[in-house]
Amino acid sequence: MPYVTRNADGDICGLFEQIQEGFAEELLAPDDAAVVEYLNKPLPVSSVSARQFRLKLRRSGLLDQVKAWVATQDGETQDAFEYSGTFVKDSPMMVAGFTAMGLTTQQVDEFFVAASQL
């Protein structure tokens, strides 16, 4: 039976086999709904292939806008966009690009999740 720790919203954010004094002292059954939900929560998507990234840009109607932005950037950024095999969500180029496109953090997360499924 796991000991759990919870975040400020009351959601489980960690499981432990043994009590963690002052940190994880709540004991739950392994089949408790909150434990099952935590264990089956999808992992965050931190990167996608170039193919997935470009397909999602195209399907979102952002490809031309992104290409125009990339064309205004330095040579290394242009090369990275053109030749990268993987696009990492929190890389400086990606953060700058999504900021320039006006996307929120949630929209970027949703973009990467959707791209990962292509």
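The values are calculated or read from the model by the stated rules, or taken from the named source; none is laboratory data. These numbers were taken from a predicted model, which means no experiment stands behind them. All Cβ positions, glycine included, derive from the backbone under ideal geometry; neighbour counts span all protein chains shown.
Is it the case, given these coordinates, that residue 93 is modelled with pLDDT under 95 and out of contact with any helix residue (DSSP H, G or I) (no Cβ under 6 Å at 6 or more places or on another chain)?
So residue 93 fails the test.
Has segment 23-41 got at least one residue that is within 30 Å of residue 92 (Cβ to Cβ), of a type outside the set (A, V, I, L, M) and touching a helix residue (DSSP H, G or I) at 6+ places or on another chain (Cβ under 9 Å)?
no
Tell me the residue from 73, 78 that is of a type in the set (S, T, N, Q), modelled with pLDDT of 95 or more and either in contact with a His (Cβ under 6 Å, 6 or more places away or on another chain) or assigned to a loop (DSSP other than H, G, I, E, B) (or both), please. Break it down into steps so the answer makes sense when it comes.
Details: 78 fails: either in contact with a His (Cβ under 6 Å, 6 or more places away or on another chain) or assigned to a loop (DSSP other than H, G, I, E, B) (or both).
Exactly one residue qualifies, and that residue is 73.
Okay, residues lined up against (1) outside the structural domain of residue 91 (by TED's automatic domain parsing); (2) among the hydroxyl-bearing types (Ser, Thr, Tyr); (3) surrounded by 12 or more Cβ atoms within 10 Å (Cβ to Cβ):
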| residue | (1), (2), (3) |
| --- | --- |
| 18 | yes, no, no |
| 30 | yes, no, no |
| 55 | no, no, yes |
| 68 | no, no, no |
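Looking at segment 75-112, which of its residues are over 17 Å from residue 51 (Cα atoms) and more than 18 Å from the chain's Cα centre (by Cα)?
Of everything in segment 75-112, those that are over 17 Å from residue 51 (Cα atoms) and more than 18 Å from the chain's Cα centre (by Cα) turn out to be 75, 76, 77, 100.
Under 7 Å between Cβ atoms, at least 6 apart or on separate chains: pull out the pairs that start in segment 83-99 with a residue that is of a type outside the set (D, E, K, R) and end on any residue that is in a loop (DSSP other than H, G, I, E, B).
Filtered contacts from segment 83-99: 88/46.
Restricting the search to segment 32-53, which residues are surrounded by 11 or more Cβ atoms within 10 Å (Cβ to Cβ), within 19 Å of the chain's Cα centre (by Cα) and not basic (Lys, Arg)?
37, 38, 39, 45, 46, 47, 48, 49, 50, 52, 53, listed by residue number.
Looking at segment 1-59 only, could you name the residues that are hydrophobic (A, V, I, L, M, F, W, C), at pLDDT below 95 and within 20 Å of residue 107 (Cβ to Cβ)?
43
Quick check, is residue 70 among the β-branched types (Val, Ile, Thr) and touching a helix residue (DSSP H, G or I) at 6+ places or on another chain (Cβ under 6 Å)? Walk me through how you get there before you give the answer.
Numbers: among the β-branched types (Val, Ile, Thr): yes; touching a helix residue (DSSP H, G or I) at 6+ places or on another chain (Cβ under 6 Å): yes.
Yes: the conditions hold for residue 70.
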